[in-house]
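Note sheet for the following structure.
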Amino acid sequence: MRTLLRAVIDPELGDNIVDLGMAGDIRIADGTVTIGVKLTIRGCPLRAQIQKDIRARLEVHPWVRKVKINWGEMTAEERSAVMTRARWNARESATDTAVPVGARVLAVASGKGGVGKSSVTVNLAAALAAQGMTVGVLDADIWGFSIPRMLNMPDRLQAERVEGRDKPMIIPNERSIESGLLRVVSTGMLVDDEGTALMWRGLMLTKAVEQFLNDVHWGDLDFLLIDMPPGTGDVQMGLARMLPRTDLLIVTTPAVSAQKVAIRAADMARRSFLRIAGVIENMSTFTCAHGEDYALFGEGGGRALAEEIGVELLGQIPIEPAVAAGGDAGEPVVLSGTGAAAAEFTRIAALIIAETPDATEMSGCSARTDSDAVGVTVRRGS
Ligand SMILES: Nc1ncnc2c1ncn2[C@@H]1O[C@H](COP(=O)(O)OP(=O)(O)OP(=O)(O)O)[C@@H](O)[C@H]1O
Ligand SMILES: [Mg+2]
């Protein structure tokens, strides 16, 4: 019976219900098979599908006349064991991307638009670079890109032949920041000549992101920051499939209503098995010139969200006109600002480096070389 049940796959988790630990007790009496099945959550939308598959598999057995299913729900521990397994499977079956294996991938996401994802992306990227890191920035906001302007990098992207690849690869635009480096791609940097324009026209969102993941010659990277489009859905699911080692940084505003929306982003992360690296609260308390604090967008949303999803609140960026002005001028506030927002971005970047073991080793080390092979990193001396 168990062997037959191994053919029943949970489509969401991508593995069979026996190895996932969903199939429990099996009893057979008088041609009736009674089987206990634990769902990850009680209201699992896949229940009907799983039921149909179990019946179809078991009823082929000559002794089986009837199949009865007792539905149950997993405990928190069982659920987390299943998630670990599914994450592992996703990792194993993910196709190779051109993103170097040593790079830590962080996608900056939120439940709704306009909360400061792009501002957080460029400032964290700049802060990481200022601390000696080589940082890739992938603008996954394909139609609503803002990264080229916010980093003052309007140049068109070039494509080049790269050894070991049969088609030309996109070369990211570079900007040096102190001892570090930014390597940036965005649809806002695409040449508008006929051929290239054609290449992108009509592409689905996820297809475009996939192209950035597969066809960019990133070289050596310590971090890859992905600026997510507003909303979640497709792109996040696509990332989970193509680059399952992506960690999410969830940006929220201090308002409790925003926090509720951000929980949806966290739920989506869970369903796509992406790890959440932490929460960043943006547009926190505004301090006026006289030193008085105003909680313009409410208070406590970031901490409440972090607690609710069980991750760290990495920081709180205050509202500061300099953040917006820096974005408009293409000079992230973290590079020139002297205020609290700049200091907070620097602190969060240091925190991220500290919890990324490889990056800690490489911090301040300039003796890195690109290997010829795409996606392979050779590091010498540290
Ligand atoms: N801490 C801050 N203080 C002041 N202004 C800010 C702050 N953070 C972001 N802004 C401003 O708020 C606006 C929205 O920010 P941003 O574009 O980064 O959000 P987003 O989440 O990327 O938006 P979208 O969902 O449209 O991509 C911008 O004008 C930006 O300059
Ligand atoms: Mg944005």
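The values are calculated or read from the model by the stated rules, or taken from the named source; none is laboratory data. Given the structure is predicted, the values throughout are model-derived calculations rather than measurements. Cβ: placed from backbone, ideal geometry, glycine included. Neighbour counts: every protein chain shown.
Among the residues of the range 257-267, is there at least one that is out of contact with any strand residue (DSSP E or B) (no Cβ under 8 Å at 6 or more places or on another chain), acidic (Asp, Glu) and either within 16 Å of ligand 2 (Cβ to nearest atom) or assigned to a helix (DSSP H, G or I) (or both)? Yes, the range 257-267 has at least one match.
Could you list, in sequence order, the residues of the range 58-86 that are of a type in the set (S, T, N, Q) and closer than 30 Å to GLY310 by Cα? THR75, SER80, THR84, listed by residue number. Just one of the listed residues (ARG149, ARG175) is modelled with pLDDT of 90 or more and in a strand (DSSP E or B), and it is ARG175. Close Cβ contacts (under 7 Å, 6 or more residues apart or on different chains) running from residues in the range 116-127 that are assigned by TED's automatic domain parsing to the domain that holds ASP141 to residues that are more than 8 Å from ligand 2 (Cβ to nearest atom) and among the aromatic types (Phe, Trp, Tyr) comprise ASN123/PHE345; LEU124/PHE345; ALA127/PHE345.
State all residues of the range 126-149 that are within 16 Å of ligand 2 (Cβ to nearest atom) and either within 20 Å of GLY102 (Cα to Cα) or not β-branched (Val, Ile, Thr) (or both); if no residue qualifies, say none.
ALA126, VAL137, LEU138, ASP139, ALA140, ASP141, TRP143, GLY144, PHE145, SER146, PRO148, ARG149
Can you find a residue that is in the same structural domain as GLY102 (by TED's automatic domain parsing) and within 21 Å of the chain's Cα centre (by Cα) anywhere in the range 284-292? Can you show your working first?
First, pick out the residues of the range 284-292 that are in the same structural domain as GLY102 (by TED's automatic domain parsing): 284-292.
Then keep just the ones that are within 21 Å of the chain's Cα centre (by Cα); that gives none.
So far as the range 284-292 goes, no, none of its residues is in the same structural domain as GLY102 (by TED's automatic domain parsing) and within 21 Å of the chain's Cα centre (by Cα).
Pairing each residue of the range 150-163 that is outside the structural domain of GLY188 (by TED's automatic domain parsing) with any residue that is exposed (fewer than 13 other Cβ atoms within 10 Å of the Cβ), provided the two are 6+ apart or on different chains, yields no C-beta distance under 8 Å.
Quick check, is THR253 within 16 Å of ligand 2 (Cβ to nearest atom), at negative phi and in the same structural domain as VAL115 (by TED's automatic domain parsing)? Answer is yes for this residue.
Considering the range 3-27, and only residues there that are out of contact with any helix residue (DSSP H, G or I) (no Cβ under 6 Å at 6 or more places or on another chain), in a strand (DSSP E or B) and of a type outside the set (Asp, Glu), the residue that is modelled with the lowest pLDDT turns out to be ILE9. Listed here are the helices (runs of 4 or more DSSP H) enclosed by the range 299-382 that have at least 2 residues being under 19 Å from SER176 (Cα atoms) and modelled with pLDDT of 60 or more: 321-329, 333-336, 340-354. Against the numbered list (1) away from ligand 1 (no atom under 16 Å from the Cβ); (2) modelled with pLDDT of 95 or more; (3) crowded, with 21+ Cβ neighbours inside 10 Å, VAL33 comes up short only at (2). Just checking, which of ALA130, ALA103, ALA98, ALA107 is farther than 21 Å from ASN214 by Cα, in contact (Cβ under 8 Å) with a residue 12 or more places away in the chain, more than 12 Å from ligand 1 (Cβ to nearest atom) and of a type in the set (A, V, I, L, M, F, W, C)? Being farther than 21 Å from ASN214 by Cα, in contact (Cβ under 8 Å) with a residue 12 or more places away in the chain, more than 12 Å from ligand 1 (Cβ to nearest atom) and of a type in the set (A, V, I, L, M, F, W, C) holds for just one of ALA130, ALA103, ALA98, ALA107, which is ALA130. When each of ARG264, ARG245 is tested for being touching a residue at least 40 places away in the same chain (Cβ under 8 Å), more than 14 Å from ligand 1 (Cβ to nearest atom) and in contact with a helix residue (DSSP H, G or I) (Cβ under 8 Å, 6 or more places away or on another chain), the lone residue that passes is ARG245. In this structure, LYS167 does not satisfy being at pLDDT below 95 and within 16 Å of ligand 1 (Cβ to nearest atom). No other residue among VAL122, VAL99, VAL105 is within 16 Å of ligand 2 (Cβ to nearest atom), at negative phi and surrounded by 17 or more Cβ atoms within 10 Å (Cβ to Cβ) apart from VAL122.
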